[in-house]
Amino acid sequence: MAEHHRNRIRLLDQATVNQIAAGEVVERPASVVKELVENSIDAGATRIIVQLESGREGITSARVTDNGCGMGAEDARFAFTPHATSKIARIGDLDRCRTLGFRGEALASIAAVSHVTLVTMERDGGQSATEVIIRGGDLEKVAETGAPTGTTITVSDLFFNTPARKKFQKSVGSEVAAITRTMEAFAITNPGIAFLFINNGNERVSTEGSGDLFDTIVALYGSGVADELIPVSIAEGPLSLGGYVSKPSLSRPNIYQVFVGINNRQVYARAVVDAVRAGYGTLLPDNRYPVAFLSLMLDPAYLDVNVHPAKRIVHISRERDICAMVTGAVSRALKGADLVPRVPGGFHTLQKSDPTGNVSRGYDHQVRPGPGVAEAGHGSFLLSDRRLRQSELSGGTAGSDDGVPEFIYLGQYNGAYILAQAPVGDLLLVDQHAAHERVLYEQVTASRDLGQEAQELLIPTILTLSPAESGVLREYLPHLQEKGFSLEEFGKDTYAVRMVPVILGKPGDGEMVRDIVGDLISLPRKHGTDSGEQLARTIACHGAVKAGTVLTSGQCQRLLNQLSRTNEPWTCPHGRPVMVSFTRDRLDLLFGRK
């Protein structure tokens with residue numbers, strides 16, 4: 001009974017409530033920057049400056065300065081009270097909300113777990129500005145000061161009173177990259193606002209705020225990306241869509257450069273992203289995504305923004321119909337455009353048929369085999385053969401090397417799975433991509449001891465990266481060099497790729513570096529996985545033969561031989577199974593023999 005009384009329900013104190021709320025809204029430094037910049041946009045700012053200071057231990061401070069409407073002394077003090085907001089007055093306002101913020105949670109949550117200094121001057125509000133200082137949610141100072149119109153908020157010592165959350169923050173490079181990507185998204189969704197993002201005195205993002213989305217894209221990603229874009233525009237019923245999508249010749253290995261703003265709000269809407277991808281149909285391989293910069297405007301009545309504490313996810317009414325409109329708009333834009341890829345010098349890459357009758361479009365298009373007998377085309381045969389020979393020559397795997405195969409090849413199914421027989425007689429179904437990933441991964445991780453063979457490119461590949469990509473590349477640069485890449489800075493966010501690892505089996509393909517960086521940006525890093533380990537897994541994935549690649553019997557046997565000499569042939573570097581087995585007894589049972 002006494003134990004029961006000790007566990008009875010009680011009200012939490014306000015400090016604990018505020019820290020719990022902060023845990024929902026403020027996940028990392030990028031969350032702080034996002035919330036503060038959204039407040040600046042809601043304040044009508046036309047210029048927003050974000051200044052970041054970081055050191056070995058992490059982000060030390062973030063400052064956001066805007067030229068918005070500012071606040072008076074009373075509002076400045078009241079702004080840090082939980083659920084105090086100027087955006088809505090009653091529940092019905094949520095159905096008409098056009099501002100990015102509305103709950104009044106952000107400032108209170110940030111102040112609860114950091115040191116905050118606010119300096120604000122109300123437009124036409126008199127001669128003096130207001131300074132407010134809060135430490136861990138406690139108001140320490142309110143005073144008059146001098147400042148131009150607008151607001152500056154400085155946040156330092158984030159999570160100083162919540163050490164558990166501070167402990168699990170990611171590396172400085174990852175945090176800076178996340179903030180850079182957040183700033184890119186703000187610039188794309190708000191081309192009429194000038195943004196400047198500075199990290200430790202170095203300019204990372206700078207846009208003019210001309211109101212022209214194309215100008216913003218050029219400022220962020222360069223003319224190389226901008227020249228490959230096609231305009232998209234539609235106005236139909238409750239929806240209007242505008243912006244740009246890339247030609248199929250410009251693609252990424254994942255969705256990290258598909259920017260879709262909804263009512264000028266940066267959110268995660270996977271259904272809409274998938275709708276954009278669906279507009280390409282068969283113009284892109286299954287494992288590639290376009291680059292897209294789109295603004296989707298909906299009547300607020302069709303949008304529920306109050307479904308996620310950090311406002312990252314929204315619910316869309318009539319989602320299926322709206323996504324169908326998006327797919328149709330992208331498809332029509334592509335059909336009306338010249339999609340022939342350009343090579344240096346402005347020549348067209350002409351279409352030609354390979355021996356299988358498949359059309360080569362001048363870019364790496366992986367053709368999935370259909371029903372019936374499929375044969376390896378000449379181009380795919382050479383690429384697969386090169387990859388498999390390189391992984392055979394590179395060494396770095398353990399086990400027997402006497403030429404006697406541990407697995408006996410039986411056949412290939414659908415260009416994705418190899419049927420084989422194990423020494424004990426079991427039937428094996430082997431995922432060819434996962435198998436080659438395991439082989440390459442063990443060779444890449446052994447490269448530090450064995451020496452990673454690299455090949456020099458005849459002509460260096462010049463990569464112009466986005467600010468976020470460039471930030472990630474800087475973090476991984478020492479590990480890339482260790483694995484056989486040679487890169488040199490060639491200007492702001494531009495790098496010359498001079499050497500690549502032979503193990504990748506794609507001579508002259510410096511663009512693979514961009515794909516690797518793209519994966520490093522978008523794929524979550526497992527807790528305890530360091531940068532070198534993450535990179536090794538990513539390199540192995542990009543160098544491996546793909547699912548959907550038709551292999552010859554000799555190539556399949558070669559891959560099985562390589563797999564048999566690995567230390568851990570059972571899973572790929574990401575933990576997926578490489579093979580499944582069927583015993584004779586199990587097969588007899590399936591066919592009713594037992």
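Quick grid of which residues meet (1) surrounded by fewer than 17 Cβ atoms within 10 Å (Cβ to Cβ); (2) in contact with an Asp or Glu (Cβ under 7 Å, 6 or more places away or on another chain):
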| residue | (1), (2) |
| --- | --- |
| S109 | no, no |
| M121 | no, no |
| S128 | yes, yes |
| D138 | yes, no |
| T149 | yes, no |
- Query: Only one residue in V218, V232, V225, V205 is of a type in the set (V, I, T) and in contact with a Pro (Cβ under 8 Å, 6 or more places away or on another chain), so which one is that?
  - Reply: V205
- Message: What are the pairs with Cβ atoms under 8 angstrom where one residue, in the stretch 565-584, is in the same structural domain as Q443 (by TED's automatic domain parsing) and at pLDDT below 85 and the other, located anywhere, is part of a strand (DSSP E or B) and surrounded by 15 or more Cβ atoms within 10 Å (Cβ to Cβ)? Sequence gap at least six, or different chains.
- Response: W570/M579; R576/D431
- Task: Test T549 against the criterion of being modelled with pLDDT under 80 and in a loop (DSSP other than H, G, I, E, B), and give yes or no.
- Result: no
- Query: Which condition does G243 not pass, out of (1) assigned by TED's automatic domain parsing to the domain that holds S317; (2) of a type outside the set (V, I, T); (3) under 14 Å from A187 (Cβ atoms); (4) surrounded by fewer than 16 Cβ atoms within 10 Å (Cβ to Cβ), if it passes all the others?
  - Reply: (4)
- Item | Matching option when the condition is among the aliphatic types (A, V, I, L, M), at pLDDT below 85 and crowded, with 19+ Cβ neighbours inside 10 Å, among V439, V424, V444 | V444
- Note on the structure: Taking the stretch 217-250 and keeping residues assigned to a helix (DSSP H, G or I) and either touching a residue at least 40 places away in the same chain (Cβ under 8 Å) or out of contact with any Phe, Trp or Tyr (no Cβ under 9 Å at 6 or more places or on another chain) (or both) leaves I217, V218, A219, L220, Y221, S223, G224, V225
- Query: Restricting attention to the stretch 184-200, and to residues there that are more than 15 Å from R474 (Cβ to Cβ) and surrounded by fewer than 21 Cβ atoms within 10 Å (Cβ to Cβ), which single residue is modelled with the lowest pLDDT?
  - Reply: A185
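The values are calculated or read from the model by the stated rules, or taken from the named source; none is laboratory data. As the structure is a computational prediction, the values presented were derived from the model and not from experiment. All Cβ positions, glycine included, derive from the backbone under ideal geometry; neighbour counts span all protein chains shown.
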